[in-house]
Amino acid sequence: MSREGFSAGSVTLAFLLGSAVGAGLALLVAPKSGPETRELIKEQANVAKGEALKVADDVKEKATELLEKSKEVVETKKEILESALEAGKDAMEKEKERLLTKIKFNEKAKEA
């Protein structure tokens with residue numbers, strides 16, 4: 001969720017701070033009346049809110065995608081481990097049978 005080293009949270013915070021500073025500067029230099037200025041501030045706040053919601057939705061979507069990919073990776077690794085475990089069990093059983101056969105052969109050789 002990082003674009004070129006900046007997290008979505010830091011980008012959102014920078015945007016919101018920039019919006020607040022811009023609105024404050026607009027108040028200082030605007031040759032408008034109080035009601036006009038308040039309406040302008042209200043519009044800017046709505047724009048900032050819309051952008052913040054958009055960023056939040058993007059972050060949520062990317063987090064969901066990352067979670068799904070993580071689940072897939074975990075499932076794949078789980079299947080690999082289960083397969084390796086089964087192969088290990090099979091190899092152990094074969095070796096056990098080989099050793100038992102060898103022991104029985106050695107015992108018969110001693111008796112003869």
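The values are calculated or read from the model by the stated rules, or taken from the named source; none is laboratory data. Nothing here was measured: the structure is a model prediction, and the numbers come from that model. Cβ atoms come from the backbone with ideal geometry, glycine included; neighbour counts cover every protein chain shown.
Tabulated data for the structure shown
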{"read-out": "Tabulated pairs, segment 12-32, first closer than 16 Å to residue 43 by Cα, second at pLDDT 75 or above and acidic (Asp, Glu), C-beta under 9 angstrom, 6+ apart or interchain", "value": "15/51; 16/51; 19/51; 30/36; 32/39"}
{"read-out": "Test: residue in segment 89-109 that is of a type in the set (Gly, Ala, Ser) and either surrounded by 11 or more Cβ atoms within 10 Å (Cβ to Cβ) or touching a residue at least 12 places away in the same chain (Cβ under 8 Å) (or both)", "value": "no"}
{"read-out": "Near pairs, Cβ below 8 angstrom, 6+ apart or cross-chain, from segment 42-59 (modelled with pLDDT under 85) to any residue that is surrounded by fewer than 13 Cβ atoms within 10 Å (Cβ to Cβ)", "value": "44/22"}
{"read-out": "Some residue of segment 66-81 being under 30 Å from residue 14 (Cα atoms) and in contact (Cβ under 8 Å) with a residue 24 or more places away in the chain", "value": "yes"}
{"read-out": "Filtered residues of segment 34-88 (kept if touching a helix residue (DSSP H, G or I) at 6+ places or on another chain (Cβ under 9 Å) and among the charged types (D, E, K, R))", "value": "51, 58, 62"}
{"read-out": "Only listed residue being of a type in the set (Gly, Ala, Ser), exposed (fewer than 12 other Cβ atoms within 10 Å of the Cβ) and either touching a strand residue (DSSP E or B) at 6+ places or on another chain (Cβ under 6 Å) or within 20 Å of residue 13 (Cβ to Cβ) (or both), chosen from 24, 34", "value": "24"}
